[in-house]
Amino acid sequence: MLQLKSESTLMLKPDSESESESTLRPLDWGLIGYEMALRQQEHLVEEVAASGEPGYLIFCSHPPVVTRGRKTLDDDVFGWEGQMVTVSRGGRATYHGPSQEVIYPIFNLKRSERARSLGVVGVVRKLEQAIVETLAEYGVAASGKQAPALENGPSSTSSNGEETGVWVNERKVASLGIAVRHWVSFHGAALNVDWDPRAFQGLKPCGLRSEVMISLEELLGHRVDRGPLRQRLRTKINQLLR
């Protein structure tokens, strides 16, 4: 049985206050409902925008859910029988589930000139790069695809087109979608870690055939310990989002 965190027990602050001022502070939300996670992200966006802090780096997973972006087509979801959530990000429908490691960087783009110059596309590219470099440490040769152009400027925009993501040859192992509000990013990336035959069924994830999606477990032939994986991702992301 899936054990969800309740909103009353969800920690919004990291356990340690010893993080570097230039580091995104880590939060581990465990298994959390998608809508609750979105509310908490929006809360942190407002907090970071008001405080000027660098931001947070959230790791979590969700119970099975399909999210429908603004560009979702009528036939993108045709056989899914579970929860669906309509979201404000760009892009089309996609799946989230407990077999994924979901990464939400709440990143303050106004913290420095370098951060400001990234914009939403730059954040997507850095997040892609962090995943690619992490997968390389597991012996997996992956690559990112170019993100689409900005929409409506850097203060309130999103990037989640069909050409984003992390790919191993012609198979997609991670999906990305970033939004920015008040110069602070939210949403993020979903890395397919464990093999789950029920994932991505009944929809066209990001407009693709479900068979295009692949997991790290399938690529390696064995399951991956989530703890070291999160630590490697955290290190890479903090190195790139400075």
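The values are calculated or read from the model by the stated rules, or taken from the named source; none is laboratory data. Please read all numbers here as calculations on a predicted model, not as lab measurements. A quick note on method: Cβ atoms are made from the backbone with ideal geometry, for glycine too, and the neighbour counts reach across all protein chains shown.
Across region 58-76, the number of residues qualifying as more than 21 Å from LEU191 (Cα to Cα) and of a type in the set (A, V, I, L, M, F, W, C) comes to 1. In region 76-117, the qualifying residues are those that are aliphatic (A, V, I, L, M) and under 20 Å from LEU44 (Cα atoms), and the one that is farthest from the chain's Cα centre (by Cα) is ALA115. Taken over region 170-196, the criterion of being modelled with pLDDT of 95 or more, closer than 20 Å to GLN83 by Cα and not hydrophobic (A, V, I, L, M, F, W, C) is satisfied by ASN192, ASP196. With respect to the conditions (1) surrounded by fewer than 19 Cβ atoms within 10 Å (Cβ to Cβ); (2) at pLDDT below 95; (3) not hydroxyl-bearing (Ser, Thr, Tyr), MET84 falls short on a single one, namely (2). Considering region 178-235 alone, what residues qualify as being of a type in the set (Ser, Thr, Tyr) and touching a residue at least 60 places away in the same chain (Cβ under 8 Å)? SER185, SER215, listed by residue number.
Once region 124-169 is narrowed to residues that are modelled with pLDDT under 95 and in contact with a Pro (Cβ under 7 Å, 6 or more places away or on another chain), the residue that is surrounded by the most Cβ atoms within 10 Å (Cβ to Cβ) is SER159. When restricted to residues that are more than 26 Å from THR72 (Cα to Cα) and among the polar types (S, T, N, Q), region 87-121 contains 3. The number of residues in region 113-123 being surrounded by fewer than 17 Cβ atoms within 10 Å (Cβ to Cβ) and in contact (Cβ under 8 Å) with a residue 12 or more places away in the chain comes to 2. The number of residues in region 187-235 that are in a helix (DSSP H, G or I) and touching a Lys or Arg at 6+ places or on another chain (Cβ under 9 Å) comes to 10. Look at (1) under 15 Å from ALA190 (Cα atoms); (2) in contact (Cβ under 8 Å) with a residue 60 or more places away in the chain and you find that LYS110 fails only one, number (1).
Do you know which residues across region 184-242 are closer than 28 Å to SER51 by Cα, under 16 Å from the mean Cα position of the chain (by Cα) and among the polar types (S, T, N, Q)? Correct list: SER185, GLN231, THR235, ASN238.
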